[in-house]
Every structure is written in C-alpha cells, then in structure tokens.
1. On full extension of the chain, what length is gained from ASN299 through GLU201, given 0.36 nm per residue of separation minus the C-alpha to C-alpha distance?
2. Given the Cα-Cα distance of ALA417 and ASP362 and 0.36 nm per residue of separation, how much length would full extension add, in nm?
3. What is the set of long-range amide H partners of SER463 at a cut-off below 5 Å, with H atoms built 1.01 Å from backbone N?
4. So what's the back-of-envelope 222 nm ellipticity for the chain, counting only DSSP H runs of four-plus at -39500 (n - 2.57) apiece and dividing by all residues, rounded to 500?
5. Can you figure out the FRET efficiency of GLN132 with GLU234, using R₀ = 45 Å and their beta-carbon distance, to the nearest 0.05?
6. How do GLU241, GLU327 stack up against each other in accessible area, from largest to smallest, with a 1.4 angstrom probe?
7. Grab the Cα-Cα distance for LYS383 and GLN121, subtract it from 0.36 nm times how many residues apart they are, and report the gain in nm with one decimal.
8. Looking at segment 180-256, which trypsin sites (Lys or Arg not before Pro) are in a loop (DSSP not H, G, I, E or B) and have at most 13 other Cβ atoms within 10 Å?
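The values are calculated or read from the model by the stated rules, or taken from the named source; none is laboratory data. All figures in this text were calculated on a predicted structure; none of them were measured in a lab. Reconstructed Cβ throughout: ideal geometry from the backbone, glycine too, with neighbour counts over all protein chains shown. We work out accessible area using only protein heavy atoms, side chains counted, and drop any ligands, DNA or RNA first. Shrake-Rupley method; radii C 1.70, N 1.55, O 1.52, S 1.80 Å.
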Amino acid sequence: MTAKQNAGAAKSPAKKIKDQVFIFDTTLRDGEQAPGFSMTIDEKLTIAQQLARLNVDIIEAGFPRSSVGDFESVKRIAREVTGPVIAGLARSIDADIDACAEALAPAKRKRIHTFIGTSPQHLSMMQKSPAQALKMAVAAVVRAKKAVADVEFSTMDASRTDRAFLYDIVAGVIDAGATTVNIPDTVGYAIPGEFARLIAEIRANVPNIDRAVISVHCHNDLGLAVANSLSAVEAGARQVECAVNGIGERAGNAALEEVVMAIRTRKDYLKVDTGINTKEIYKTSRLLVAVTGVPIQPNKAVVGENAFAHESGIHQDGVLKERSTFEIMSPASIGLKKNKLVMGKHSGRHAFRKKIEELGFDLTEAALEEAFTTFKALADKKKEIFDEDLEAIVNEELGGALEPRWDLAVAQTMSGAGATPTATVTLMRDGAPHTDSATGDGPVDATFRAIERITGLSGRLVSYNIRSVTVGKDAMGEATVRVAVGEQVFAGKGVSTDVVEASAKAWLSAINKRGEGDAPRKAVAKKKKTSRAR
Ligand code: MN
C-alpha cells in the first residue's frame, strides 16, 4: 500500500496507525439475520457493549429499514455504545438512507453503509441496467453524505460483477463521497488468489481509489471466507468485515477471531495489525453462544473447546516447557485462562465478588447475589471450582432477569429400565412454591413437561446441547436450549453438576425471557403506527 493510500485509509475510523486493518463487525447485522440467531434488543445491546470492549473499529448494528425492531436496536446501540463507529445498513433508496440516518443520529461516531447488487444476476433481479444501478448508487452516497461524513458503499456480489462496470461504480461512489468501498464476495464464490487479484486490479484501475479504504466482506460457502479476506489484505484491503464465531447468512461470514488472530500471529508475514483487544476474544465468543444458544464446534479455530486442548489435558511439565513446539499462539492471548483452582467452599462473598470482577464481568447487586448463591450450592457438591465454572454461573445471570420469574427449587426424577420416566418439580415464583409432576420420554423430557404444567407456558424444544464445563467426574454440565413459544424462540442456559437440573434451569432461563420479555417488541410495534408512519 502506498503512503498516499494510507493517508486516505486513516481518514475513516479516525485512527492513524500505519497499515492497520480496520475490523468491521457484522455479528448484529449479517450474523443476526441468519436463521436461529435472532436476538432481542437487550441481547443486541449486551453484544454491542462487549464488541466495544473487544475494540472493534466499526459495529454494524443492523439494517434500520428492514424492521421496526432493527430500527430500535440500531438507535439504542447508537445512543448507548461508545468507542467504535456505529454503522447501519441501507439499500440505495431514499427511505432506507433516511431511516438509517435517523436511527444513527444519537451516535457520536456513525457510518451509513449503503449498497447495490452489481453482478448480472443481481441487476436482472432488480430489473436495472448497469447505468441505472450506477445512478442509484451515486444518488444514495450523495444523500447519505448529507447526514454523515463517513459513508461506506458495497458493490454486492462484486466477485461475479463485470470488471469494467465494477471499476466505474467504485470510482463513481468515491467521487460522490464514499470513504470506504466494500468489495463483497456475497455468495462465497471466490478463491484466494483470484480474490487477491480482484483487489489488486481495482487498485490499479480505479483512478481515485486512494481516496477510500478498500474493504472486503467474504462468505464461507466454500470454507474460504477467512482465506479470501487475508488474501485481500495482502493485496491492499484495509478493512475486513467479519462476525464473531463466523456467524452469518448460510455458511456464515469470515470469523472475526480467526482473521484477527491470523493477522496477529503472522504479523511477520502480513506486515499489518488490528486494533483488537485480543484478550476479550474468548469472552466475546462465549457471550454470543450464551445469548443465541447456538454452540460452536469443539475443533473450531481459536475459540473451539479443543483449540488449546493440550493445555487442559495433559498437565505435564515437559509439555509446558516445550509449549512453542505445539502452540503458535497462547491461550492467554485470547483471554483464555488455564483451569486454575480458584475458589472453594470457604470462599466468602467478598472474594467471590473480587474474582468475578477479575474475570471481567459487571453484574448488578441482585445478579451477583444470585450468582453467589449458585456458587455456594456448587461448592457443596464440587471440591474444586475453576474459572470456567464461575464464568458458566455468571453467564446464567446475564440472560436478563425479569421479575417475577420462575426459579428452580427441586427437580426429582425417576427413570431406569422398564420404568416410565417421571419428574416432580418445585418452582418458586414471588417466594411461593409451585409443585407438579409429569411423565416423559426420558428424565429431561419429563422435567420439561412438569415445568410446562406449573408455568402454563408450553414450549417446543428447538435445540438442546449439553457440554462439560471442566474436566473430572464432578464437572458441571452446561445445558443450552432454544425453546419456541409461539412464533418466538428464546435461548436459555443452565449449569449444574446434575444434567437434569442444568436442563431444567436452561428451560426456565429461556421462558423467563418471555412474558415481560415481550414488552420491548410490543412497545416498538405500537410506536411504528404512531411516530414512524409516513
Ligand atoms: Mn453478507
């Protein structure tokens, strides 16, 4: 990259670090729009706050005109999250740009990200000629530019776009004021060497390219999203669009943690860096799993459970001494602490609070008290309590406690060969116990049925996962469920040394998000009819 280009690059997210790759996170837009990943406004805000701690350069908070919920969540993130630039997506049409500008208005630093399909496939779908698309793109940037200084333009499906037209439209939007031009591999079709050439040729053939940052947005349909992104960086791209845990449409987007750790680990080769606080990577990944209820594969690069497994498995001096033979990055660099004995039965409230703060969590007094009670109960059952156990307990409290809520008091199950699995459950609500029994296909199913009878809320189990938090026979099990109640799906998480109990807690944490949990959406829906009607 030339010095001239760097000057242009530094203009956008206001930092002036030589050869920094800006990290544009789209977990809350592209990620959230994938089936099974929808989040409530509160959940999006929780994720956005963590993305700010991770120090991403840009948070794409949503697509304001796509739904009232998206409009409200972009607005809330714009109002409450500081640090990163807050971006919203808009098609190249006036109403989209205006809604986006309105939602972003409260943000200190804001960006309108507008786009149009440029490949023959997309042009014919929109029934537009290249000339018409170019005109719409330029008009969209001009309009966006009246609301914000920082405008990004995406040529959707760039990797299948006619090259001469691509150069024209990129040059046109830069002339109109776009400060970032994004070259998306929307359908995950590109191959790394080919994609690098595309970026190099855009740099060689678009005369005003040094006035904008080149960005890429790669999908993982062929498992090449991260590889294509890194190839583009080698060819001069200085913004990568990515999502935590690689979530996104279809096979997902480039995984943020992989892009960032590849750049950090191979700085010697790539000669660039990011501004990411990598020590927040592991926590961000776990938080997204906790919020969405969608687990990641154990062998997932960087954040999978086995990614550093030789750490928690064989604790032999020899292995530890030769760490670099097997480890290209340290678990500590992503904020992953080794299984470390931290707390026991005799640890008090003060020590517990201090440890939770050390782990980086910020809990309300009520949530801290709940977590402490869970910790004490766990300490009675389990001799050694590790950081991971505490994180699991705290993550349970992060779901957003609604009052009044249902809490588990007792879950007793009876099952075995020849027996009909039966569960008797007692739940507390407003200090009063409620007990009922049910039979089911197994002890967990019977427990869920008993909970349904007590709460009167019937739900359909969409997914159910159980994993061991630490090693050993007395390890805690962490149950993650997604429960559909009517049209909506709620994720819940529960931990216990007893899997039935963990499952019951997970179910309750999911349905506790219902009821009052619906309120923000209803309020938003009402608001649409009044203030947003045009
Ligand atoms: Mn996408």
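1. Contour length minus Cα-Cα distance gives 31.7 nm.
2. 15.2 nm
3. It is ARG482, by chain and number.
4. Per the formula, -12500 deg cm²/dmol.
5. 0.85
6. GLU327, GLU241
7. 88.2 nm
8. ARG250
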